[in-house]
Structures are given as structure tokens and as C-alpha cells.
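Each remark here refers to the structure printed beneath this line.
All of the numbers you see were taken from the coordinates with simple rules; none came from a lab. All figures in this text were calculated on a predicted structure; none of them were measured in a lab. Virtual Cβ from ideal backbone geometry, glycine too; neighbours counted across all protein chains shown.
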Amino acid sequence: MSLKYGVLGLLKVEPLHGYEVKNRFEAMLGGTWEVNIGQIYTTLQRLERDGLVRPVGERGDRGKLLYELSSEGKKALDDWLAQPDSGPQQLHEDIYVKLLLATRIANGDLQQMLARQKRAFLQRLRDLNRLEEKARRDGRIDLARLVRGALLHTEADLKWMDELASEHFGTEGAAAE
Amino acid sequence: MNSISPNLVALARSGLVRLTDVTKVYQGGITGALDGVSITVEKGEFTAIMGPSGSGKSTMLNLVAGLDRPTSGTIVVGGTDLSKLGEAGLARFRRDHIGFVFQFFYLLPNLTALENVLIPAQLKGNMATGRGRELLEQLGIPDVADKYPARLSGGQQQRVAIARALINNPTLLLADEPTGALDTHSGEQVMELLGGLHRGGQTILLVTHDAKLATRNAARVISVMDGKIVDDARLESPERAPSEVIRVRSEETPPAGARRAPETK
Ligand SMILES: Nc1ncnc2c1ncn2[C@@H]1O[C@H](COP(=O)(O)OP(=O)(O)OP(=O)(O)O)[C@@H](O)[C@H]1O
Ligand SMILES: [Mg+2]
């Protein structure tokens with residue numbers, strides 16, 4: 001989803017070749033999302049089929065083809081940008097399932113599981129802090145912004161685990177539902 | 001040589017700060033504020049202490065600072081067993097070896113910033129005006145020297161308090177939620193300053209609720225709960241590529257297993 005609109009957005013700035021789209025998209029995501037060039041061409045072909053982008057100039061060697069946004073493409077992009085992200089909160093992490101299960105079945109091990117998970121997240125915070133520092137030093141502002149988001153998310157997860165750890169676990173977790 | 005090196009090793013390992021089975025029960029307290037705490041902090045370490053409210057973090061710092069005495073157990077700082085010191089000895093120990101920074105700064109309102117910074121030096125009989133100014137400069141606030149605390153922002157007041165804590169070149173810098181009363185930006189600046197001091201060799205024991213800030217500088221995070229140490233995590237600091245630290249997901253991204261190569265190999 002965001003790859004499609006990422007391509008549209010980058011083409012709104014200026015017409016680009018496929019490999020330029022790839023490079024700029026990856027740079028914007030600070031190297032955290034590698035896209036293979038095949039995915040980019042497939043996406044461009046689909047967008048062209050749907051009338052959202054069109055090739056500029058001669059249709060020759062595909063690698064050298066320059067793409068630009070059509071007026072339909074501009075509209076689709078503007079609509080997407082204007083639409084707030086209001087879907088359900090996505091919790092991708094395994095830990096949500098793992099720890100909820102653990103409150104039911106891990107008995108005495110829960111505190112230790114929490115301690116191990118907290119330790120891993122503290123390490124993640126340390127890695128993120130170092131990455132943010134480096135990104136700022138290197139002037140990679142997009143990456144620094146992404147890292148900031150990740151830091152705050154990890155902090156929230158740690159706080160959630162602290163709340164779990166301070167609850168008194170008996171059978172009430174399972175019994176309440 | 002052979003007879004010396006084991007001693008040197010033992011000395012090096014003995015730690016700058018050593019708590020052994022430390023317990024603290026306050027008068028009127030039903031349960032102990034600290035319950036059998038043992039930790040060793042090495043010279044030059046930046047250690048963060050984290051835990052819920054009431055878990056005993058401030059108690060631990062106050063005991064290490066010699067502001068209060070444990071109910072049982074021993075505390076050794078820089079080779080000095082604090083239980084062997086009388087009140088006067090303890091006051092001298094604090095003055096010579098401990099710098100303390102608090103959440104609410106505790107600057108004296110009727111003294112200027114510089115005068116506040118100089119208090120601990122004057123207790124030692126030193127004027128130290130030059131060093132005081134130098135510290136304010138180093139902490140980025142040379143222009144507040146002659147201002148009164150009420151005229152300073154929270155971040156500036158905390159930096160003055162840090163300068164005051166450093167004026168006697170303390171063996172150990174203790175900071176109890178030094179960013180707790182500051183906004184995000186000032187808090188980051190104060191933490192950056194602590195990081196700089198650490199890189200300059202300062203041993204620091206920091207209590208904080210902010211894990212993001214703690215892990216910037218501290219490579220060790222001690223977790224306290226109900227007066228007990230429940231974890232003592234030593235963090236690594238390798239250089240990692242962005243994609244090893246963050247992955248932006250999308251429905252179009254191939255399943256996790258296919259992209260996890262570096263970890264599962
Ligand atoms: N001077 C005191 N007299 C009696 N009880 C005290 C005293 N100081 C602290 N306590 C109690 O000792 C326990 C530990 O307190 P402490 O201040 O060390 O916690 P903390 O971890 O620093 O909490 P916070 O995060 O809220 O600052 C708490 O139950 C507290 O009520
Ligand atoms: Mg406290």
C-alpha cells in the first residue's frame with residue numbers, strides 16, 4: 001500500500017526512472033526498507049495500467065524509461081495524503097500474544113519472562129539511540145525521525161510490561177473473561 | 001610482581017561503589033525500603049537505576065551518598081566503609097567525594113547561580129571562582145553566572161545544580177531524576193551533558209523513569225522492585241545498520257521469515 005503511494009509521491013516531486021524511484025524510496029526510509037527493483041517495475045506497470053502514471057518520451061529500454069504522474073495519479077495521491085490513518089491499531093509484535101498467554105499459563109515464570117523481554121527492549125532502545133545519534137551526525141534527518149518514532153513505540157511497550165509486572169497475578173487474568 | 005598482581009586484580013574488581021546485602025527500614029515503615037541489595041559499580045561506569053515509584057531508588061542513592069545510614073549491610077565507596085564514619089566524617093565524605101543532582105534543583109534563591117555553584121568549594125575553604133565560571137561555561141550557560149535562580153529556566157537551573165555537584169571533582173556523581181521536572185528538550189540537553197561528563201571519565205549513578213534517555217548513555221540498567229534488584233542488564237553498543245534496528249512493515253513486504261536472513265543464519 002505505502003509503496004504504491006510512495007512511488008506516486010516521489011513522482012510528484014519530479015519524473016523519475018525506475019531505479020531512481022527505488023533509490024529515493026529507500027533513502028527516504030533511511031535504509032530500513034529495501035525494495036527490489038522488480039517490485040518497483042511491477043508497481044510502475046500497475047500504476048501505468050490504472051492510468052496513475054505514464055512514461056515520458058520514447059518507450060524503449062525499460063530501465064531507462066522516465067515516468068511522470070498523471071492528473072489521476074495526482075488526485076489519487078492527494079486523496080491518500082488527506083485521508084487520516086484511522087484504522088485499528090496494529091500490534092505486530094509477538095510479545096502481545098506471548099505475554100497475554102503467559103499471564104494464564106506461565107505461573108511463576110511470568111516475572112522472568114518480563115525481565116528477559118524488558119532487557120531485550122532496553123537493548124533495542126540503546127541500539128535506536130545510537131542509530132539516531134549517527135543519523136543526526138550524518139545529516140540523515142528522515143532516518144532520525146523514523147528512529148524517534150521507534151524509540152517512543154518501544155518506550156510504550158516497556159511501560160506496558162511494567163504495568164503487567166506490577167499486577168498481582170493469580171487466576172484473575174483468566175477468570176475475568 | 002607475582003605477589004602484587006593478584007592484589008591489583010582484586011582492587012580493580014572491588015569496584016568504586018560496593019553495596020553488600022544492604023537493607024533499609026525507615027522508622028514507622030512496615031516493610032523495608034531496601035531489602036538485601038548487593039551491587040558493585042566500577043569506576044567510569046554510567047549506571048541507570050529504574051523501577052516503579054516507591055521501589056527504593058532514592059533510598060539507594062541517599063545511602064550511597066552518605067545522607068542516611070542503612071539498617072544493615074555495608075556500603076563502601078572509593079575504599080571507604082561508610083559505617084566506619086561518624087557524622088563529621090560522613091559530612092566530609094559527602095563534600096569530598098559525592099556530587100548530587102536532584103529533580104527539583106534545590107538552588108538557594110538568595111544566591112546567584114555562580115554563588116550557588118561555589119557553596120561546596122567554600123565548605124572546603126576554596127574560593128574556586130575560576131573553576132565555577134569554567135563549569136558554567138562547559139555546561140553552556142556562562143551568561144547566567146550573576147543571575148538569581150528565579151530568573152532561570154528549569155533547564156538552566158538544573159545545569160547550575162550540575163555545576164555545583166561537580167565543583168569539588170566528586171568521585172561519584174549521583175543524579176535522582178535530574179530530567180524529571182524538565183520538558184523533553186531540556187531533559188535531552190541535561191542528559192547529553194551527563195553523557196559528556198561520562199565520556200570524560202565521570203562515574204555516574206542515575207535514577208530515571210525515562211528508559212529512552214537512560215539508554216542513551218548508560219550501558220548498564222539496574223531494575224529495582226519492592227526494594228530488591230530484579231535485573232541488572234549490561235547493554236551492548238555495536239554499530240548496527242538501520243535495517244538491523246528498524247523495519248518498516250507493509251502488506252506488500254514478503255513474510256518476515258524471508259527477510260530475517262541476518263538473524264536466523
Ligand atoms: N524518610 C522516609 N521515611 C519513611 N519512609 C520513607 C522515607 N523515604 C522513603 N520512604 C519509603 O520507602 C520506600 C522507598 O522510597 P523511595 O523514595 O526510595 O522510592 P523511589 O523508588 O525513589 O520512588 P519514586 O520513584 O517515587 O521517587 C517507599 O515506600 C517510601 O514511602
Ligand atoms: Mg525517588
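Structure summary
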| read-out | value |
| --- | --- |
| Value of relative contact order over the range A:3-82, rounded to a whole percent, pairs C-alpha under 8 Å and six or more apart | 37 |
| Helix A:141-166 axis, angle to chain A major axis (alpha carbon atoms, nearest 10°) | 20 |
| Using θ = phi - 60° and Karplus 6.51 cos²θ - 1.76 cosθ + 1.60, couplings along the range B:219-236 (whole Hz; Gly, Pro as x) | 8, 9, 10, 9, 9, 10, 8, 6, x, 10, 7, 9, 7, 9, 9, 9, 8, 8 |
| Cα-based shape type of the range B:102-178, given that a ≥ b ≥ c are square roots of the gyration tensor eigenvalues and the cut on a/c is 1.5 | rounded |
| Other-chain or far-sequence residues with amide H under 5 Å of residue A:53's (modelled H) | A:48, A:70 |
| Exercise: per-residue mean of other protein chain Cβ atoms within 10 Å, B:209-217 | 6 |
| Tensor-based shape of the range A:3-82 (alpha-carbon gyration tensor, a/c under 1.5 rounded, otherwise prolate or oblate) | oblate |
| Förster-model FRET efficiency, 60 Å R0, residue B:88 and residue A:90, C-beta, rounded to 0.05 | 0.45 |
| Relative contact order of chain A, defined on C-alpha pairs under 8 angstrom at six or more residues apart (%) | 20 |
| Within 10 Å of each Cβ in A:115-127, the average number of Cβ atoms from other chains | 6 |
| Fraction of beta bridges assigned by DSSP in the protein assembly as shown that are antiparallel (%, nearest 5) | 60 |
| Most mobile listed residue (A:157, A:94, A:142) in chain A, GNM with C-alpha springs under 10 Å | A:94 |
| Mean separation of Cα contacts under 8 Å (6+ apart) over length of chain B, as relative contact order % | 23 |
| Simple label model, 7 Å out from Cα along Cβ direction - residue B:42 to residue B:133, nm | 4.0 |
| For residues of B:230-239, the mean tally of beta carbons on other chains within 10 Å | 5 |
| Cα gyration tensor category, rounded, prolate or oblate, for chain B with a/c compared to 1.5 | oblate |
| Of A:159/B:24; B:84/B:124; A:159/B:228; A:4/B:212; A:134/B:212, those spanning more than 24 Å from alpha-carbon to alpha-carbon | A:159/B:24; A:4/B:212 |
| Per residue, the convex hull volume that the Cα atoms of the range A:95-175 enclose (Å³) | 75 |
| Chain B - mean residue ellipticity at 222 nm from DSSP helices (-39,500 (n - 2.57) per run, n ≥ 4, rounded to 500) | -10000 deg cm²/dmol |
